[in-house]
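One structure is given here, and the rest of the page talks about it.
The values are calculated or read from the model by the stated rules, or taken from the named source; none is laboratory data. All values derive from a computational prediction rather than experimental measurement. Positions of Cβ are generated from backbone atoms using ideal geometry, with glycine treated the same way; all protein chains shown enter the neighbour counts.
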Amino acid sequence: MSLITPFAGLRPAPEHAAEVAAPPYDVMSTPEARRMVEGRPWSFLHISRAEVDLPEGTDPYAPEVYAKARENLDRMLDAGVLMRDTVPCYSVYRLTMGEHRQIGLVASASVAAYDAGRIKRHEFTRPAKEDDRVRQIEALSAQTGPVFLVYRATSVIDDLLAEVGATRPEVDVTATDGVRHELWTLTDPARIAQLTEAFEALDALYIADGHHRSAAAARVAASRSSDTGFLSVIFPHDQMRILDYNRVIRDLNGQGPEDLLERLAASFQVEPSAEPVKPARPGEFGLYMDSRWYRLTLDPNLIPSDDPVARLDVSLLQNHLIGPMLGIQDPRRDDRIEFVGGIRGLGELVKRVDSGEMAIALALHPTSMDDLMAVADAGHVMPPKSTWFEPKLADGLVSLVLD
């Protein structure tokens with residue numbers, strides 16, 4: 001099977017696109033999702049987060065949630081809000097957030113290529129979240145959450161996408177967060193063949209976001225003994241926008257602020273700052289505690305050059321501060337640490353500490369796409385919460401039906 005293939009997608013009727021488009025299912029809590037669907041009967045959250053239509057307190061992983069999702073999908077199909085493409089096609093998808101723009105291709109990515117390592121991963125998955133996506137796919141007989149893939153930018157593909165993006169889109173929706181989502185449908189066989197061939201010439205694709213979705217799709221394909229592929233949107237690596245993924249920690253592990261600062265001086269240059277510290281380069285960190293900001297610069301001799309995982313800022317911070325000084329050895333499971341996406345800004349870090357909820361906040365420089373691809377190429381995995389991509393894809397604009 002080709003690395004990517006076109007498919008007959010399920011999408012909103014054009015006049016309903018703005019009503020249907022919803023944030024990704026996993027970026028909000030259930031209470032937030034309930035507020036988002038108020039007055040919006042056609043929001044895709046009724047499918048992706050169907051517990052919003054069940055009594056408060058319903059377990060989001062309960063069987064009735066998946067049954068309700070199927071019921072809501074059928075309701076939207078019967079009403080003509082969602083419609084199926086008549087022929088297999090690709091779609092071009094452009095995201096605009098402020099001055100940032102990125103344009104990619106909506107396609108079915110090969111599960112066989114994923115299993116063979118040609119679609120490369122960089123994260124472990126959590127069984128409960130993976131199981132949830134399997135149950136969702138099985139209940140709907142469709143994949144509704146796109147996997148965010150990246151290819152190494154090449155002019156052959158970039159130019160084809162830009163050519164389409166210069167025309168008028170069929171869908172043009174600006175979400176409540178100000179992000180603009182534009183889509184074009186490609187049904188021309190010659191253009192489809194060009195794109196399929198251009199992607200087939202690539203060595204690999206990389207998962208940027210959506211490890212649980214892709215793993216779940218692979219499990220469903222194995223259970224059905226088929227390679228229907230998985231829903232994906234694929235962007236060039238040089239258009240990606242990765243934000244910082246910061247840390248907040250509940251306590252100082254039995255020490256006072258001055259004790260921690262003294263210990264930090266052995267590995268970091270520590271400078272008080274009158275302003276919030278947004279790290280400007282790798283190896284630099286912001287620390288906020290006791291109502292004060294500090295700039296931390298790690299001793300360059302402690303940064304390995306030959307290990308793509310160990311040289312990441314998230315690893316350096318874990319290995320030289322969070323682990324040895326704050327006693328958190330497994331950030332994946334320790335409930336003393338939480339993670340704050342850079343989209344919330346440094347003000348969120350100050351808020352969490354000043355409220356007394358947390359004792360310390362740590363601001364990081366964003367992981368780069370080159371670092372992500374280097375880790376994936378080496379067959380390694382990144383530490384948890386290493387990347388925060390913005391803008392996010394919308395759910396509901398294109399889904400892949402499992403025939």
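Some values worked out for this structure:
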item: The one condition in (1) in a helix (DSSP H, G or I); (2) touching a residue at least 24 places away in the same chain (Cβ under 8 Å); (3) under 20 Å from the mean Cα position of the chain (by Cα) that Arg344 fails to fulfil; result: (2)
item: Residues that are touching a residue at least 12 places away in the same chain (Cβ under 8 Å) and loosely packed, with under 10 Cβ neighbours inside 10 Å, drawn from segment 165-181; result: Thr167
item: Residue within segment 135-148 that is buried (at least 23 other Cβ atoms within 10 Å of the Cβ), in a strand (DSSP E or B) and of a type in the set (S, T, N, Q) present; result: yes
item: Looking only at segment 263-321, and only at residues there that are over 21 Å from Arg352 (Cβ atoms) and of a type in the set (Ser, Thr, Tyr), the one that is surrounded by the fewest Cβ atoms within 10 Å (Cβ to Cβ); result: Ser305
item: Residue among Leu296, Leu260 that alone is touching a Phe, Trp or Tyr at 6+ places or on another chain (Cβ under 6 Å) and assigned by TED's automatic domain parsing to the domain that holds Asp335; result: Leu296
item: Residue check for Met325: crowded, with 20+ Cβ neighbours inside 10 Å, in a loop (DSSP other than H, G, I, E, B) and in the same structural domain as Leu252 (by TED's automatic domain parsing); result: no
item: Residues of segment 149-162 satisfying the condition of being surrounded by 19 or more Cβ atoms within 10 Å (Cβ to Cβ) and either under 15 Å from Glu200 (Cβ atoms) or among the charged types (D, E, K, R) (or both); result: Leu149, Tyr151, Ile157
item: Meets criteria (surrounded by fewer than 17 Cβ atoms within 10 Å (Cβ to Cβ) and either closer than 25 Å to Pro24 by Cβ or in contact with a Ser or Thr (Cβ under 9 Å, 6 or more places away or on another chain) (or both)) for Leu202; result: yes
item: Among (1) touching a Lys or Arg at 6+ places or on another chain (Cβ under 8 Å); (2) surrounded by 15 or more Cβ atoms within 10 Å (Cβ to Cβ), the one test that Tyr61 misses; result: (2)
item: Test result for Pro366, modelled with pLDDT under 95, surrounded by fewer than 22 Cβ atoms within 10 Å (Cβ to Cβ) and either among the β-branched types (Val, Ile, Thr) or not in a helix (DSSP H, G or I) (or both); result: no
